[in-house]
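Colleague: If you scroll down you'll find the structure; I have some questions about it.
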Amino acid sequence: MTDPALLVQMFVLLLAVGAFAGVLAGLLGVGGGIVLVPAFFYTFQALGYDHPALMQISLATSLSTIVVTSLRSVHSHHKKSAVIWDILKGWAPGIMLGAVAGMLLVAQLRTTTLQYLFGGLVFSVGLYMAFSRAHWRLGDVMPRGILRAVLSPLVGFLSVLMGVGGGSFGVPLMTLHGVSIHKAVGTAAGFGLLIAAPAVIGFLLTDLSPEDLPPGTVGSVNLIAFAIIVSMTFLTAPLGARMAHALDGQRLKRIFAVFLLLVASNMVRKAAGW
């Protein structure tokens, strides 16, 4: 039986994590997943849970929250005509296929390997945020044909390896192909649902050994963390959105890029045992 005091500590820590992730999501227009994965990992470790699949649990639980937040986000953006449904329909099969492939790979990898992968991918996203420019373009329209058939599964695959929705790869991809930032963010919210839903179904069916599992874990998804994070992000994301209108967006983007580089570096450091 789980110690009630430990459950209280877990509840309090996850409340703080959810509040922080929600503010960041509203403030910077990024999904909380890129913050939630390391937050879950360090929270569970701090509470004494050292399951061999702890990084898998962190990724899966992050993706489970994205199912709910993406639905809400797509609905909000659709009301503002900021979702390009033709892009979503065309990219959906490949993204979902890549997400399933990513889930199958994550289920086979050790925590240390997943830490290295997460750290490397987040470091790349941080560098892009730090040095990208609004005028950068790879094309005037979104890729079709063979290029879309290659890129769409890659978006789903890499997103699952990071435990994130559509924003980290979808928004840059679309803005680099001439989609306005507002429509890129709205459409990427749909990418998030396409990524998270099939991956989470698979993660719920994984079979992990029960020793050292955080309480409330079904398959690889921690349902306690899911419930707390979803509730808190609903409360705090509007606060972040209001703050965003009062602050310099470009400066915030650079600050967050530095934050991501630090998070990625620390994850790799922990994986290396330094």
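Every number here is computed from the coordinates shown, using simple stated rules; none is lab data. Computed from a predicted structure; not experimentally measured. Every residue, glycine as well, gets a Cβ built from its backbone with ideal geometry; the counts of neighbours run over all protein chains shown.
Colleague: In the chain, with Lys and Arg counted as +1 and Asp and Glu as -1 at Cβ, which of these residues, Trp91, Met162, Leu54, has the Cα nearest the positive end of the dipole, that is, farthest along it?
Modeller: Farthest along the dipole direction, towards plus: Trp91.
Colleague: Mean residue ellipticity at 222 nm from the helices of the chain, using -39,500 (n - 2.57) per DSSP H segment of n ≥ 4 over the full residue count, to the nearest 500 deg cm²/dmol?
Modeller: -26000 deg cm²/dmol
Colleague: Determine ³J(HN,Hα), in whole Hz, for all residues of segment 90-95 in sequence, where each value follows from phi through the Karplus function 6.51 cos²θ - 1.76 cosθ + 1.60 and θ = phi - 60°; x replaces Gly and Pro.
Modeller: Calculated HN-Hα couplings, in order: x, 8, 4, x, x, 4 Hz.
Colleague: If you don't mind, there's one more thing I want to ask. Can you work out ³J(HN,Hα) from phi for every residue in segment 180-187, in order, using Karplus 6.51 cos²θ - 1.76 cosθ + 1.60 and θ = phi - 60°, giving whole Hz and x for Gly and Pro?
Modeller: 4, 4, 5, 6, 5, 5, x, 6
Colleague: Whole angstrom only: what separates the Cα centroid of segment 161-223 from the Cα centroid of segment 67-95?
Modeller: Distance between centres, Cα-based: 14 Å.
Colleague: Cut-off 10 angstrom, C-alpha nodes, Gaussian network model of the chain. Which of Val100, Val150, Val263 fluctuates the most?
Modeller: Taking springs between Cα atoms under 10 Å, the residue moving most is Val150.
Colleague: Between His75, His135, His182, find the one with the highest GNM mean-square fluctuation for the chain; connect C-alpha pairs within less than 10 Å.
Modeller: His135
Colleague: Another one. Among Val125, His177, Leu208, pick out the residue whose Cα is farthest towards the positive end of the charge dipole of segment 4-272, where Lys and Arg carry +1 and Asp and Glu carry -1 on C-beta, about the Cα centre.
Modeller: Of Val125, His177, Leu208, it is His177.
Colleague: Sort Ile84, Ile195, Ile66 so the one with the fewest other Cβ atoms within 10 Å of its own Cβ comes first.
Modeller: Numbers: Ile84 19, Ile195 37, Ile66 29.
Taking fewest neighbouring Cβ atoms as first place, the list is Ile84, Ile66, Ile195.
Colleague: With +1 on the Cβ of every Lys and Arg and -1 on the Cβ of every Asp and Glu, and nothing else charged, how large is the dipole of the chain about its Cα centre, in debye rounded to the nearest 20?
Modeller: Dipole size: approximately 1060 debye.
Colleague: Assuming a ≥ b ≥ c are the square roots of the Cα gyration tensor eigenvalues, decide whether segment 56-143 counts as rounded (a/c under 1.5), prolate (otherwise, with a/b larger than b/c) or oblate.
Modeller: Details: a/c = 1.82, a/b = 1.31, b/c = 1.39.
Taking the square roots of the gyration eigenvalues as a ≥ b ≥ c, segment 56-143 is oblate.
Colleague: Amide H to amide H, which residues 5 or more places from Val218 or on other chains are under 5 Å from it, using H placed in the peptide plane?
Modeller: For Val218, the qualifying residues are Leu223.
Colleague: Continuing with this model, one more query. Using the alpha-carbon atoms, what tilt in degrees (0 to 90, nearest 10) does helix 111-131 show relative to the longest principal axis of the chain?
Modeller: That works out to roughly 30 degrees.
Colleague: When Cα extents along the principal axes in Å is calculated directly from the model, which label among (1) 58, 36, 35; (2) 57, 42, 38; (3) 63, 63, 44 fits?
Modeller: Of the labelled values, this structure produces (2).
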